[in-house]
Structure formats: C-alpha cells, structure tokens
Amino acid sequence: MLILWVTLFSVLGSVWNVLAAAAFLLIREKIQRALVPYLISYATGTLLASSFLGLIPHALEHLSPLPVLSTVLLGVLLFFVLEKIVVWRHCHDSECEVHGASGTMLLIGDGVHNLTDGVIIAASFLSSIPVGIITSLSVIVHEIPQEVGDFAILLHSGYTRRRALLLNVVSGLSSIPGAIISYYALEAMHTAIPYIMSISAASFLYIALADLSPELHRKMGVKHVIYQFLIMVAGVGTIILLLQLHP
C-alpha cells in the first residue's frame, strides 16, 4: 500500500512540473522571445541558490566538507568534459557556435536532481504518510519556478517548443524510478544521497556560471544590468522562500 503512495506522488510531481512548462507554450511566440532573456536571469538565480543554499548544505549534513566539496569539484570538471563532447558531436568546425550544449547539460543535471527528489519522497513516506504528503507537496512547489526557467533555457538553446516539452517530460519522469528504487533499497540510497546532491549542485553551478552568465553579458547598458540583477535576486529569493517552507 505504501508503495502506491510513493508512486502516486512521484508521478504527480512529474506531471505538475510538465504542466508548468507547458503553460509557457500558451503564451504567444513573440512574447515568449521577449520573456526568454528575463527567464534566463531568473533561472540563473534559482540554479545558484539551489546549489549554494539547498543541495550543498544538505549534503554537508550527511558528509564532512572535504568529500562534499571534492565531489562538487569533480562534478564541475566532468561536466566541462561532457559539454566538450556535446560540442564536438554537434559541430566539427572549431569556429562554429553550438547552441544546444547548455540545454543538454541542463537536462542531465535536472534528471539527477529529479532522481534525488524521488529518493526524498520515498524516504518521507517511509517515515509516515502525513509527512510523505507534506514533503511531496513541498518538493513539487519547489520545482515549479525552476521548471519554467529550464523550459526557457531549452528554447534559448535552439530546441523547438515540442522537443523542449518532450525532453522536460523525460527529465521529470526520472523522479519515479528514483522513488521506487529507493523504496526497496533505501538504506543503500541514503549513502548515495549526499553524493547525488553534490553532483547535481555541480551541474547547476556549471550551467549558471559557464553557460548562462555569458549569455546575460550579450546585452550591455545600465538598464539591462539592473533588470538582470533584480531578476536574478528574485530567483534567489524564490528559492530562499521555498527553503523556509521545506528546509
């Protein structure tokens, strides 16, 4: 019976995140293009805050700083190599620009993050059903602003709206196997959680600093700088608010 609760809320979380991204499709394409730069600023803020204020501190609750920070460092280096492989695969000309790399990196990192969410959902339900329900709803709410920002990043990376939505669905579904597997092997998964969170934090940091920040520098001028900074702060503030609801 308990496995049904775990599966139900992990599926609900995936579907809700997809609906949040799909809602972006209802906006006219002209407005979408105008909103994308602002959503990239917002996504940058949420990714940085999720890494520094959410994932890394939570990993440090289970491990000492050295293994956590070493895993983050290793993750950044691995994602650098992975992005190089993605670039080489898409382009054989050293002078060309590849726009799909950040989107691919985001999907990988988001998949790892959703997998961790599945583990957290399963662990909370094994504690008690009320705790499981509250925790699952908090996880779902936490993901909404990030999923909308992720969808904007995929569009900016050159994906069509249909393909971006499909890949968001695939990435979101990773929480389901994470929840089911951890339900049956929670003790082993507990050992892996801080490392999974550290790798996920590394992916978010790499995307925010190596892929998204350079895009924000394409538009100069005091007005653009102020808008970008304020929207990034809004992204950070959103994560801080949600962490207060789901510490």
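Within the range 66-79, which residues are of a type outside the set (Gly, Ala, Ser) and out of contact with any helix residue (DSSP H, G or I) (no Cβ under 7 Å at 6 or more places or on another chain)? Steps first, answer last, please.
Residues of the range 66-79 that are of a type outside the set (Gly, Ala, Ser), as a first pass: 66-69, 71-74, 76-79.
If the condition is that a residue be of a type outside the set (Gly, Ala, Ser) and out of contact with any helix residue (DSSP H, G or I) (no Cβ under 7 Å at 6 or more places or on another chain), then 66, 67, 69, 73, 74, 77, 78 are the ones that fit.
Applying the selection to the range 32-70, what residues are surrounded by 17 or more Cβ atoms within 10 Å (Cβ to Cβ) and either under 19 Å from residue 119 (Cα atoms) or touching a strand residue (DSSP E or B) at 6+ places or on another chain (Cβ under 7 Å) (or both)?
Scanning the range 32-70 gives 50, 51, 54, 55, 56, 58, 59, 63, 68.
How do the pairs read when you match residues in the range 170-182 that are free of Cβ contacts under 8 Å to residues at least 40 places away in the same chain and under 17 Å from residue 108 (Cβ atoms) with residues anywhere that are of a type in the set (Ser, Thr, Tyr) and part of a helix (DSSP H, G or I), using Cβ under 6 Å and keeping only pairs 6 or more apart or on different chains?
Sorted first by the residue in the range 170-182, then by its partner, the list stays empty.
Could you please find all residues in the range 202-247 being within 18 Å of residue 116 (Cα to Cα) and either among the polar types (S, T, N, Q) or modelled with pLDDT of 85 or more (or both)?
202, 203, 205
For residue 220, all conditions in the list (1) without any contact (Cβ under 8 Å) to a residue 12 or more places away in the chain; (2) in contact with a Gly (Cβ under 8 Å, 6 or more places away or on another chain) hold save one; what is the number of the exception?
(2)
Consider only pairs whose beta carbons are under 6 Å apart and that are at least six residues apart or on different chains; among these, list those whose first residue lies in the range 152-167 and is part of a helix (DSSP H, G or I) and whose second residue is buried (at least 21 other Cβ atoms within 10 Å of the Cβ) and among the small types (Gly, Ala, Ser).
Going by the 6 Å Cβ cut-off, the qualifying pairs are 153/43; 154/103; 154/164; 155/164.
Here's a check for you: in the range 172-187, which residue that is among the hydrophobic types (A, V, I, L, M, F, W, C) and surrounded by fewer than 24 Cβ atoms within 10 Å (Cβ to Cβ) is modelled with the lowest pLDDT?
Within the range 172-187, the match that is modelled with the lowest pLDDT is 186.
Taking interchain pairs and intrachain pairs at least six residues apart, which have beta carbon atoms under 8 angstrom, with the first residue in the range 32-53 and under 27 Å from residue 199 (Cα atoms) and modelled with pLDDT of 80 or more and the second part of a helix (DSSP H, G or I) and charged (D, E, K, R)?
As it stands, the answer is 40/215; 43/150, since those pairs meet every condition given.
Here are some residues: 131, 119, 86, 169. Which one is farther than 16 Å from residue 208 by Cα, at pLDDT below 75 and under 20 Å from the mean Cα position of the chain (by Cα)?
Numbers: 131 fails: under 20 Å from the mean Cα position of the chain (by Cα); 119 fails: at pLDDT below 75; 169 fails: at pLDDT below 75.
Of the residues listed, the single one that is farther than 16 Å from residue 208 by Cα, at pLDDT below 75 and under 20 Å from the mean Cα position of the chain (by Cα) is 86.
Residue by residue, here is whether (1) assigned to a helix (DSSP H, G or I); (2) over 15 Å from the mean Cα position of the chain (by Cα); (3) surrounded by 12 or more Cβ atoms within 10 Å (Cβ to Cβ); (4) β-branched (Val, Ile, Thr) holds:
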{"position": "214", "(1), (2), (3), (4)": "yes, yes, no, no"}
{"position": "219", "(1), (2), (3), (4)": "no, yes, yes, no"}
{"position": "224", "(1), (2), (3), (4)": "yes, yes, yes, no"}
{"position": "237", "(1), (2), (3), (4)": "yes, yes, yes, no"}
{"position": "244", "(1), (2), (3), (4)": "yes, yes, no, no"}
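Taking only pairs six or more apart or across chains, which ones have beta-carbon atoms under 9 Å, a first residue in the range 1-28 that is in a helix (DSSP H, G or I) and exposed (fewer than 15 other Cβ atoms within 10 Å of the Cβ), and a second residue that is modelled with pLDDT of 80 or more and among the β-branched types (Val, Ile, Thr)?
Short answer, once both residue conditions are applied: 2/129; 3/180.
Surrounded by 13 or more Cβ atoms within 10 Å (Cβ to Cβ), within 20 Å of the chain's Cα centre (by Cα) and at pLDDT below 80: which single residue out of 156, 190 fits that description?
Values: 190 fails: within 20 Å of the chain's Cα centre (by Cα).
So the residue among 156, 190 that is surrounded by 13 or more Cβ atoms within 10 Å (Cβ to Cβ), within 20 Å of the chain's Cα centre (by Cα) and at pLDDT below 80 is 156.
The values are calculated or read from the model by the stated rules, or taken from the named source; none is laboratory data. In this text the structure is predicted, and so the values were computed from the model without any measurement. Note: ideal-geometry Cβ built from the backbone for every residue, glycine included; neighbour counts use all protein chains shown.
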